[in-house]
Each structure stands twice: as structure tokens, then as C-alpha cells.
Amino acid sequence: MSRWTNEAEAKNEILKLVEDYYNQFKAPKKPFEPGDRINYASRVFDDKEMCNLVDSALEFWLTSGRFTAAFEKKFAEYLNVRFCSLVNSGSSANLLAFMTLTSPLLGERQVKPGDEMITVAAGFPTTVTPAIQYGVVPVFIDVTIPQYNMDVTMLEKALSDKTKVVMAAHTLGNPFDLKTVKEFCDAHNLWLIEDNCDALGSEYEGKLTGTIGDIGTSSFYPPHHMTMGEGGAVYTDNPLLHKIMRSLRDWGRDCSCPSGKDNLCGHRFDRQYGELPLGYDHKYVYSHFGYNLKATDMQAAVGVAQLEKFPSFVEKRRANFKRLYDRLKVIEDKVILPEACENSNPSWFGFMITCKGDVKRSFVVPFIESKGIQTRMLFAGNLTKHPCFDQMRKEGRGYRIVGEHTNTDIIMNNSFWVGVYPGMTDDMIDYMADMIIEAVKSAQ
């Protein structure tokens, strides 16, 4: 005989066991001790994420469903934007954001192969990859130090009659000069995509980053500001861009019915599209060459629980950054400490440090790594120096570099960063500061 009288009773018991499992086996217990590994990032979660995940698994819908709809609605509300589309990664989010601008529905503003996109080389490759793969030419400008964002004084020099887009990331949570960049884009009728993957929760002049340009993107990979394992999002206030995004995300189809639903418009079999016969099933009409970039409902279930905690994550990141900054001011004659963009309140992803003078990164990084502190370079450093550019560099085609990239190369050679994620305690921050100070003083 079954131990349960109905499915709801069974599910409630299972979820209570998941809660107990978390409390017994997954809840943090051991206090930090000097020498313990300090990762640059880590998941911060509790029984709510695990229960949501199991709840979704028990439903076994698997593809996007009720948790996806809930996440898209709540995330859009948090950002104060009209439209949000959940995708399977931050890289997919950047792909979808860029490819949205290639739609013929945009008329004269459609981005076409041979057009140009202004960006930076000091960052992550998937900010640039979609443009290169589509045949759009990335135009690289230098960045500033200690903000580590695009040098806006180079925008006009990078402009040509082929420029259609500006796309760049807010580096490690620090917003770029959105006022100047937005004014530049508006003046020249350019699209602005904010790669917000490392900056969720950052504010510029009181608005959240990712919501000021035409399109914003986020990543929910485990090290990022919040997680659902893999996952990302694309968001906009523009209804036409949203329509294109949904089409491209969902195989390029013209139909907007969600998974498992048919004929919500009531015109599934009575209209004519392209050169198809009248009444061809609208469910299988394609208005774009699209992809399948949807996330699973299990991922979204984790995201729904993470979103409830997210405001506290942002505050903890800011507090950890400030504590580390205050401790490291004693060595600012030997290293360059990061500086927030004017009129911004960053939700810091990491803490950038640039070695100067006789202090060499080649000594400092191995030293602090040997003390259990994980470090990272600023991603590609200078993307144009990587093997993926070898063929284009040799052939002298496919990209442009405007001006000297002095600061980009300084970052490539002398900079690194450490984490400030919300799971870090004051003891961890203080130990990290002690080891960085010791490393820098020993480097001379």
C-alpha cells in the first residue's frame, strides 16, 4: 500500500526531506581559518534553491515552463523593464542580443555583414564573438585605468559610416560612462548593447545598468552575481526588439505560443506567410534563422529562489569591496586600486589590482595563490593578442584597432583581480588583504 494518499502529500514530504538534507549536509558550518582556500567566487544558496530545483524535477516538465515564466516576470520587475527573455547562458544572451539587431524587421537600422561595432579588447570574448561570426567588424578602442572601461574620448575617432552598434561590458561590475556613450549613440543613431553579465545590481545615475541602452544581458553562471547553474537573460523596453528576441531564441519561429501551448492567437491555420500556402500551420512558420537558446525550468526554479536573496547579495558585495579597499590603501603607492565610474554605485564582481613600478604581477599572483587565494586575469587581457585572432591578424582583415591600446596592454601584463562574492566573511577579506599586502611588500 502507498505511504501517501495523494501527490501533494508526497511532494510536501519529499521537499521537507530536501530541506533537512540541506541543513544536515550542505549548510555552511566550518568557520574560516587562515590558509583555507578562498575562491574568487562561489554559489551562495540555502534550502530554498534546492527545494525549488526538486519541485521542478518532480513536475518533470524539463523545458521552459512555470518557473521560467515566474523568473522572467520577477526579473523584469527587479530591473524595471518591460520585457525579459531567459536563455541558457550569458554567452547565449550576448549572441541573442546582437543577432536581434540583424533582423530585417528593423529596416534601415538592421545590422548587416560588413557593418562595424565599437567595443574593447580588454574583456571577455563572447562580447565580441557574435559580431565576428556574423561578419560585422569589431572596432577596438582603449580603456581607462583605474575604471577599466572604454575610453569614451576615442568614440568619435572610432566612428565610420559603417558603424551601427556599440557593445561593451561593465567591467567587473563597474559601469562605463553611460551618459557619454548613450549621447554618442543617440547622436549617430547607433544601437547600444550593455553586456551586464558582470554587473547585475550596479547603478548609474540611479538606474540599474543593463536598462539604459537598447538591450541588456545577464549571466547566471555559478561565479556570477546570482546563479541557476547555467543561464542568462536578455532584456529591453522595446517591444519590436523583444518580438525578434523571442523568435530568434525559439528556433526563429513566427509563432509566439509558449512551450506546450497551441493557437493562442486563434489564427493558426488561416493566414499566409512568405510564399507558403494559405493556412500553413503557424506553429511551423519561421521569420528568422534562429536557435534554441531556452533554459530548462529546473534552472529557472533555482533562479526564482536566488532572485529573492539578490538585493542582499549586492549589499554584501559592496561591503566586501569597501573593506578590502580600505585595507589595501596602505599599498596604493605600489599598486593601482580600482575606482568607480563617476555617478555610479557598482555591484562589484571583483577587485582589480594593477601592479606598478618594481612590483611584478609574476611575483604577486603566485605568492597569494600559494596562500590559498584564487586570482583571475581580466579575462582576455587584450583579446586581439589571442590565437583566435591569429588568422585575421595575419591576413589584416576582420577587425580594426583605433589609437594606441596602452592601457589594454598594461592590463594584459600587470593586472589581476580577486573576488568579493557575498559568501566571503570579514575574516576572509582581512586574510586576503594581509596576504596581498605581504606579497606586494615582498615583491620589491
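The values are calculated or read from the model by the stated rules, or taken from the named source; none is laboratory data. No experiment lies behind these values; they were computed from the predicted model shown. Heads up, the Cβs are rebuilt from the backbone with ideal geometry, glycines too, and the neighbour counts pull from every protein chain shown.
Looking at Asn414, is it among the polar types (S, T, N, Q), buried (at least 16 other Cβ atoms within 10 Å of the Cβ) and over 30 Å from Lys207 (Cβ atoms)?
Yes, satisfied.
Please work out if Phe379 is out of contact with any Phe, Trp or Tyr (no Cβ under 8 Å at 6 or more places or on another chain), of a type in the set (Phe, Trp, Tyr), in contact (Cβ under 8 Å) with a residue 60 or more places away in the chain and buried (at least 18 other Cβ atoms within 10 Å of the Cβ).
no
Quick one: in the stretch 272-308, of everything that is in a helix (DSSP H, G or I), surrounded by fewer than 17 Cβ atoms within 10 Å (Cβ to Cβ) and of a type outside the set (Phe, Trp, Tyr), which residue is farthest from the chain's Cα centre (by Cα)?
The selected residue is Lys283.
So how many residues does the stretch 220-263 have that are within 16 Å of Ser64 (Cβ to Cβ) and within 11 Å of the chain's Cα centre (by Cα)?
Summing the residues that are within 16 Å of Ser64 (Cβ to Cβ) and within 11 Å of the chain's Cα centre (by Cα) in the stretch 220-263 gives 5.
Quick one: in the stretch 417-433, which of the residues that are in a helix (DSSP H, G or I) and either touching a helix residue (DSSP H, G or I) at 6+ places or on another chain (Cβ under 8 Å) or not assigned by TED's automatic domain parsing to the domain that holds Thr375 (or both) is surrounded by the most Cβ atoms within 10 Å (Cβ to Cβ)?
Met432
Among the residues of the stretch 70-79, which ones are of a type outside the set (Gly, Ala, Ser) and touching a strand residue (DSSP E or B) at 6+ places or on another chain (Cβ under 7 Å)?
Within the stretch 70-79, Phe71, Glu72, Phe75, Leu79 meet the criteria.
Looking for something touching a Cys at 6+ places or on another chain (Cβ under 9 Å) and either surrounded by fewer than 12 Cβ atoms within 10 Å (Cβ to Cβ) or farther than 30 Å from Phe367 by Cα (or both) - is there at least one such residue anywhere in the stretch 20-27?
Yes - at least one qualifying residue is present in the stretch 20-27.
Quick grid of which residues meet (1) touching a strand residue (DSSP E or B) at 6+ places or on another chain (Cβ under 8 Å); (2) farther than 30 Å from Gln444 by Cα; (3) among the small types (Gly, Ala, Ser):
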| residue | (1), (2), (3) |
| --- | --- |
| Arg253 | yes, yes, no |
| Gly266 | no, yes, yes |
| Phe269 | no, yes, no |
| Tyr273 | no, yes, no |
| Leu293 | yes, yes, no |
| Leu328 | yes, no, no |
| Cys341 | yes, yes, no |
| Ser344 | yes, yes, yes |
| Gly350 | yes, no, yes |
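Considering the stretch 140-164 alone, what residues qualify as being surrounded by 23 or more Cβ atoms within 10 Å (Cβ to Cβ), touching a residue at least 60 places away in the same chain (Cβ under 8 Å) and of a type in the set (A, V, I, L, M)?
Result: Ile141, Val143.
Considering every residue within the stretch 123-133, establish whether at least one is of a type in the set (Ser, Thr, Tyr), surrounded by fewer than 22 Cβ atoms within 10 Å (Cβ to Cβ), modelled with pLDDT of 95 or more and outside any helix (DSSP H, G or I).
no
Check the stretch 236-252 and report whether any residue there is acidic (Asp, Glu), out of contact with any Phe, Trp or Tyr (no Cβ under 8 Å at 6 or more places or on another chain) and surrounded by fewer than 17 Cβ atoms within 10 Å (Cβ to Cβ).
No, there is no match, as no residue in the stretch 236-252 is acidic (Asp, Glu), out of contact with any Phe, Trp or Tyr (no Cβ under 8 Å at 6 or more places or on another chain) and surrounded by fewer than 17 Cβ atoms within 10 Å (Cβ to Cβ).
So which residues in the stretch 326-370 are in a loop (DSSP other than H, G, I, E, B) and under 21 Å from the mean Cα position of the chain (by Cα), if there are any at all?
Correct list: Pro338, Glu339, Ala340, Cys341, Pro346, Ser347, Trp348, Phe349.
Name every residue in the stretch 392-411 that is assigned to a helix (DSSP H, G or I), over 21 Å from the mean Cα position of the chain (by Cα) and among the aliphatic types (A, V, I, L, M), in order of residue number.
Across the stretch 392-411, the qualifying residues are Met392, Ile410.
Checking Cys257 against (1) assigned to a loop (DSSP other than H, G, I, E, B); (2) under 21 Å from Glu72 (Cβ atoms); (3) touching a Ser or Thr at 6+ places or on another chain (Cβ under 9 Å): exactly one of these is not met. Which one?
Against the list (1) assigned to a loop (DSSP other than H, G, I, E, B); (2) under 21 Å from Glu72 (Cβ atoms); (3) touching a Ser or Thr at 6+ places or on another chain (Cβ under 9 Å), Cys257 comes up short only on (3).
Filter the helices (runs of 4 or more DSSP H) completely within the stretch 1-110 down to those with at least 3 residues that are at pLDDT 95 or above and of a type in the set (Lys, Arg).
Of the helices (runs of 4 or more DSSP H) lying wholly inside the stretch 1-110, those with at least 3 residues that are at pLDDT 95 or above and of a type in the set (Lys, Arg) span 66-79.
If I ask for residues that are within 26 Å of Thr153 (Cβ to Cβ) and acidic (Asp, Glu), which ones from the stretch 396-444 would you list?
Glu404, Asp409
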